[in-house]
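The values are calculated or read from the model by the stated rules, or taken from the named source; none is laboratory data. Values in this document were obtained by computation on a predicted structure and should not be read as measured data. Heads up, the Cβs are rebuilt from the backbone with ideal geometry, glycines too, and the neighbour counts pull from every protein chain shown. For accessibility, only protein heavy atoms count, side chains too; no ligands or nucleic acids. Shrake-Rupley method; radii C 1.70, N 1.55, O 1.52, S 1.80 Å.
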Amino acid sequence: MAAIELTGLSTVYPNGVRAVDDLDLSIDDGEFFALLGPSGCGKTTLLRTIAGLERSSSGTISLGGGDVTRTDVGKRGVAMVFQDYALFPHMTVAQNIAYPLRVRRASKQAQQDAASTTSAGLGLAELLERRPAQLSGGQQQRVALARAIAMEAQVLLLDEPLSNLDARLRLEARTFLKRLQRELGLTTVFVTHDQAEALALADRIAVMADGRIRQLGTPKDVFQRPADTFVANFIGSTPMNLLTGTAHDGFVEVAGARLASPDLSLADGTKVVAGIRPEYLAPAAEGITGTVSIVENLGVTSLVTLECPGDVLVGLTVPEHEEPRVGTAMTAAPAPGRLLVYDAETTRLL
Amino acid sequence: MSAATNRTRDTSGLGVARAVAFVSPALLLIGLFLVFPALWTIYIGLTNYTLTGPASVAPAFVGLENFLGALDDALFGNALWLTLVFVLGSAVLGQNLLGFGLAWVLRSAKPVVRRVVEALVLLAWILPSVVVAYLWTAVLDRDGGTLNALLGNESTAWLVEYPMASLIVFNTWRGTAFSMMLYSSALAAVPPSQLETARTVGASGWQTVRDIVFPHIRGHVLTNTLLISLWTANDFTPFLLTAGGPNHESETLPVFIYQQAITNGELGYSAAISFLLLIVNLVVALLYLLLLRRRS
Ligand SMILES: Nc1ncnc2c1ncn2[C@@H]1O[C@H](COP(=O)(O)OP(=O)(O)OP(=O)(O)O)[C@@H](O)[C@H]1O
Ligand SMILES: [Mg+2]
């Protein structure tokens, strides 16, 4: 178990792609940490660089206080679970789990013990004699986890551990993974492009884009106060409304409406982007008015899209049974304190 | 597929007559140049046919005499043993290990290095035997040979003093390309994430090959070993280097057969030995196939 410290870390591929770009990050001992970002932003590369599978071009990596930047992969004490699980097809589940011990030439007895104790904790005890091909996707994922745990590494790295599971199983595996991480108290970094997964599992999230971290914070921080419009757009199961407008003393003018804004003492007429989550918009007497154009059923709520003056589309969620009819007019206002104001030029939160 | 199932199914819808018409030229050629000579060899093997003398005009049927004679012939035993040494040394070990080693190392080499090495290895494989044999004679010659010049020694006649060792090194060099290419493509099919998992748990190169790579490519290893063993056992190029000498020290079976037939003129006897070589080939092939089948 160990903290991870990255300073000025860059990884450049031979073809010139800077997949990780001058990145500083510290992850605490025992933390469950998520790397979140769109496809191609460098999450996998960062994880592989921490593991030592890619060479960093500059910067340092330290694990548990010791510099491992130039340490061999096998000596870093880092366990990694790959997206395809990478189980050895010709070995039984027990042999797969015990493989890290076999590499260290542990006794047969020690290997068996490791396989049985680790597998018991992951509900695999019945499956020890099977081959990977005879397991379901969820079981394979747990075998891969068991093998990583059997390594008794300082740090556990997971690359999209849940993405090969179907939606239902993914929810179960998510709960399972969180409980397991709590029990082991193992510093864990996992990569995902699914914001819901990151919000649900992680103690802290780093949102990445183009090899850099855009925002670092707890799921609450990241969800409630996205640091820029990129993060705002990326986080949340329904996309945040980002409406361009201008700031005036104490309010912002967007989509033909004047909305109360936090006191930012902005110069009159400053170009801004107002960010409001559809969940924080509710029907009101005064506010943004538009014509209902689409109603999407989300289960407990429905997502209503309003067509506002100037061809601006605004989404809001309404409780079930309160859906407006398509074509009718509707007015909505943000919940107090839920309006975020971004600088239109820098896209940063003001 | 047998003729009977063809007739009942006729999957191509050609009609039997037309189908036969299509394949008959090929069958005719195969029959004329492969099947007939093979059967003819068996027949000659049962006679005392010679190159010159009365038996060349009117060979007599002698039954199994040639085969029984081979069992008593110390030179035949010698040739059999040398063939075994040649196959084990240059094919099963030499080409196999070197080919795998090159494929394994080149996997992570720079593309330029990879291309150059592959091209060189392939070159050794595609050059005609006569050219290659001449080049190696030039390398191994005692007087002015390249190897002696490099070593700064003037006294070793490699092909005379170490004929089998020279042949084994030569044939390893000559045939490694096939194993290298086969193993390259086999290795490409091993999932990288499994190799990387082995790396993260700290497996050494040897442990990775033994535990992860080998189980994936076992079928390729068997197939490759079968092919190169058979090719090596039947290879006649050694004749061009040492002609079996000195004093039968490098006389593998194909060379022995040639010597018996052409130098000694014993066509009947050499045909019988050829047949025995064929049997050895079949036995080896069957063994490998059995191993392959047991795997799956
Ligand atoms: N082996 C490689 N050689 C060259 N460029 C690469 C290599 N692997 C990845 N890249 C590039 O580096 C960038 C980051 O890739 P990476 O795989 O880290 O993204 P990711 O965030 O994991 O994406 P995804 O969510 O799709 O898995 C991409 O632009 C990609 O094209
Ligand atoms: Mg990835």
Pick from A:Ala267, A:Ala282, A:Ala247: which is in a loop (DSSP other than H, G, I, E, B) and outside the structural domain of A:Ala200 (by TED's automatic domain parsing)?
A:Ala267
Would you check if B:Leu286 is over 21 Å from B:Pro37 (Cβ atoms), out of contact with any helix residue (DSSP H, G or I) (no Cβ under 6 Å at 6 or more places or on another chain) and among the aliphatic types (A, V, I, L, M)?
yes
Of residues in region A:46-59 being within 14 Å of ligand 1 (Cβ to nearest atom) and closer than 23 Å to A:Arg147 by Cβ, the one farthest from the other protein chains (Cβ to nearest Cβ):
A:Leu46
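Of the residues A:Ser10, A:Ser62, which single one is part of a strand (DSSP E or B), surrounded by 15 or more Cβ atoms within 10 Å (Cβ to Cβ) and away from ligand 1 (no atom under 16 Å from the Cβ)?
A:Ser62
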Every listed condition ((1) out of contact with any Cys (no Cβ under 9 Å at 6 or more places or on another chain); (2) surrounded by 15 or more Cβ atoms within 10 Å (Cβ to Cβ); (3) within 23 Å of A:Thr331 (Cα to Cα)) holds for A:Ala260 save (2)
Please verify whether B:Leu227 is open to solvent by 50 Å² or more (accessible area, probe 1.4 Å) and not polar (S, T, N, Q), treating the condition exactly as stated.
yes
If you go through A:Pro334, A:Pro283, A:Pro324, the only one that is more than 23 Å from A:Val252 (Cβ to Cβ), surrounded by 14 or more Cβ atoms within 10 Å (Cβ to Cβ) and touching a residue at least 24 places away in the same chain (Cβ under 8 Å) is A:Pro324
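Given the criterion assigned by TED's automatic domain parsing to the domain that holds A:Asp84, open to solvent by less than 50 Å² (accessible area, probe 1.4 Å), farther than 15 Å from A:Val81 by Cβ and in contact with a helix residue (DSSP H, G or I) (Cβ under 7 Å, 6 or more places away or on another chain), identify the matching residue among A:Ala200, A:Ala206.
A:Ala200
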Of all residues in region A:13-43 being crowded, with 21+ Cβ neighbours inside 10 Å and β-branched (Val, Ile, Thr), which is farthest from ligand 2 (Cβ to nearest atom)?
A:Ile27
Looking at (1) assigned to a loop (DSSP other than H, G, I, E, B); (2) within 14 Å of chain B (Cβ to nearest Cβ); (3) of a type outside the set (Lys, Arg), which one does A:Leu157 not meet, given that it meets all the others?
(1)
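I'd like to know if region A:72-86 contains one or more residues that are farther than 20 Å from A:Leu186 by Cβ and away from chain B (no Cβ under 11 Å).
The answer is no; no qualifying residue exists.
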Taking A:Val143 as the residue in question, decide whether it is among the β-branched types (Val, Ile, Thr), within 11 Å of chain B (Cβ to nearest Cβ) and touching a helix residue (DSSP H, G or I) at 6+ places or on another chain (Cβ under 7 Å).
no
Does B:Pro246 satisfy the condition of being surrounded by fewer than 16 Cβ atoms within 10 Å (Cβ to Cβ) and within 13 Å of another protein chain (Cβ to nearest Cβ)?
no
Quick check: anything in region A:87-96 open to solvent by less than 10 Å² (accessible area, probe 1.4 Å), over 21 Å from A:Ala198 (Cα atoms), more than 9 Å from chain B (Cβ to nearest Cβ) and not aliphatic (A, V, I, L, M)?
yes
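Which residues, taken from region A:104-115, are part of a helix (DSSP H, G or I) and without any contact (Cβ under 8 Å) to a residue 12 or more places away in the chain?
Selection gives A:Lys108, A:Gln109, A:Ala110, A:Asp113.
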Inside region A:228-253, the number of residues satisfying the requirement of being surrounded by fewer than 20 Cβ atoms within 10 Å (Cβ to Cβ) and of a type in the set (Gly, Ala, Ser) is 3
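Being crowded, with 21+ Cβ neighbours inside 10 Å and within 16 Å of ligand 2 (Cβ to nearest atom): is that true of A:Pro100 here?
No: the conditions fail for A:Pro100.
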Turns out the helices (runs of 4 or more DSSP H) fully within region B:145-209 with at least 1 residues that are within 13 Å of another protein chain (Cβ to nearest Cβ) are B:192-200, B:205-208
How do the pairs read when you match residues in region B:43-56 that are touching a residue at least 24 places away in the same chain (Cβ under 8 Å) with residues anywhere that are of a type in the set (D, E, K, R), using Cβ under 7 Å and keeping only pairs 6 or more apart or on different chains?
B:Thr50/B:Glu266
Output for region A:131-151, where each listed residue is open to solvent by 50 Å² or more (accessible area, probe 1.4 Å), in contact (Cβ under 8 Å) with a residue 40 or more places away in the chain and outside any helix (DSSP H, G or I):
A:Arg131
In region A:198-252, how many residues are under 11 Å from the mean Cα position of the chain (by Cα) and of a type in the set (Asp, Glu)?
1
